[in-house]
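Asks: Pasting in a structure now, in structure tokens, and then I'll have a few things to ask.
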Amino acid sequence: MKVLIRLIVSFFVFIVDVVYGNRSYARFYVLETIARVPYFSYLSVLHLYETLGFWRRADLLKVHFAETWNELHHLLIMESLGGSRYWGDRFLAQHVAVAYYWVVVLLYMLSPMYAYYLMELIENHAYHTYDDYLNAHAAALKTQPAPQVAIEYYRDGDLYMFEEVQTTTGGTFRHPQVDNLYDVFLNIREDECAHVKTMEVLQEPDARQSFYGPHTVFTAAKALPIDGEL
């Protein structure tokens, strides 16, 4: 099954790279439109299970919603940079996203582990895509201002949702700089890395029982007594 998933992702990546070539912002817009969809699928299935009384885990719901919120802001950033300017790009991204939603819903109901593995591959590709872009355009990006939506999400807004995607930091949250466009793309790249790590953790056999969001872990740690205290 993993081989099949890798082949599907590789084919998708090849098509996107061929179609968009050097149109980086349009490609990022398409990727971000599609990349947020699996989190919607996860939430839909989890809400269904909760409604039917089968299963309930608030931390998974919270973290997956925070991940959709994170990807939404990536998408808003790409829109502010002109990535959604053309009707054809919007049409392609939105229609692929609708089909992708139902594919992941079915996969998540059949096997959460494989659904998380699929997303690990997608997010890993996104990480390397942004990393390559940063390496190729660092000097130019450092001369351009950060979009306001990025400043509000990463620095000036309510950072709870941003912190909630940082599931593997042990409660030490990343609060990055947003001084220019280079910082913005660097932050997006690091977000994708955080998503990859979360997807890896959620593939563990007991993940659905043992997984806790970072604020839950941080709050529990603060409640523990200090050595020597009663």
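Asks: Would you mind finding the one in Gln148, Gln94 that is open to solvent by 20 Å² or more (accessible area, probe 1.4 Å) and within 19 Å of Ser24 (Cα to Cα)?
Replies: After applying the criteria, what remains is Gln94.
Asks: Does any residue of the range 194-216 turn out to be out of contact with any Lys or Arg (no Cβ under 7 Å at 6 or more places or on another chain), of a type in the set (Phe, Trp, Tyr) and closer than 28 Å to Ala26 by Cβ?
Replies: Among the residues of the range 194-216, not one is out of contact with any Lys or Arg (no Cβ under 7 Å at 6 or more places or on another chain), of a type in the set (Phe, Trp, Tyr) and closer than 28 Å to Ala26 by Cβ, which makes the answer no.
Asks: While we're looking at this one, here's another question. Kindly evaluate Pro176 against the criterion of being in contact with a Phe, Trp or Tyr (Cβ under 8 Å, 6 or more places away or on another chain), under 21 Å from Pro147 (Cβ atoms) and at pLDDT below 95.
Replies: When the stated conditions are applied, Pro176 passes them.
Asks: Search the range 59-82 for residues being assigned to a helix (DSSP H, G or I) and small (Gly, Ala, Ser), and hand back the single one that is nearest to Tyr153 (Cα to Cα).
Replies: Looking at residues that are assigned to a helix (DSSP H, G or I) and small (Gly, Ala, Ser), I get Ala66.
Asks: Take Thr51 and decide whether it is part of a helix (DSSP H, G or I), open to solvent by 40 Å² or more (accessible area, probe 1.4 Å) and either in contact with a helix residue (DSSP H, G or I) (Cβ under 9 Å, 6 or more places away or on another chain) or without any contact (Cβ under 8 Å) to a residue 24 or more places away in the chain (or both).
Replies: yes
Asks: In addition: Among the helices (runs of 4 or more DSSP H) contained in the range 159-219, which hold 2 or more residues that are open to solvent by less than 10 Å² (accessible area, probe 1.4 Å) and touching a residue at least 40 places away in the same chain (Cβ under 8 Å)?
Replies: Output list reads 160-164, 181-201.
Asks: Restricting attention to the range 1-36, and to residues there that are open to solvent by less than 60 Å² (accessible area, probe 1.4 Å) and not in a helix (DSSP H, G or I), which single residue is nearest to Leu186 (Cα to Cα)?
Replies: It comes out as Arg36.
Asks: When you look at Leu43, is it modelled with pLDDT under 95, within 16 Å of the chain's Cα centre (by Cα) and either within 22 Å of Lys197 (Cβ to Cβ) or among the charged types (D, E, K, R) (or both), yes or no?
Replies: no
Asks: Follow-up question, since we're still on this one. Need pairs with beta-carbon distance below 7 Å; first residue closer than 17 Å to Glu123 by Cβ and within the range 19-31, second open to solvent by 40 Å² or more (accessible area, probe 1.4 Å); sequence gap 6+ or separate chains.
Replies: Tyr29/Glu79; Val30/Leu92
Asks: Okay, next question. Which of the numbered conditions does Arg85 fail, given that it passes all the others? Conditions: (1) outside any helix (DSSP H, G or I); (2) touching a residue at least 60 places away in the same chain (Cβ under 8 Å).
Replies: Against the list (1) outside any helix (DSSP H, G or I); (2) touching a residue at least 60 places away in the same chain (Cβ under 8 Å), Arg85 comes up short only on (2).
The values are calculated or read from the model by the stated rules, or taken from the named source; none is laboratory data. Source: prediction; values computed, not measured. Backbone-built Cβ (ideal geometry, glycine too); neighbour counts: all protein chains shown. Each accessible area value is taken on the protein alone, full model and side chains, heavy atoms only, with ligands, DNA and RNA left out. Shrake-Rupley method; radii C 1.70, N 1.55, O 1.52, S 1.80 Å.
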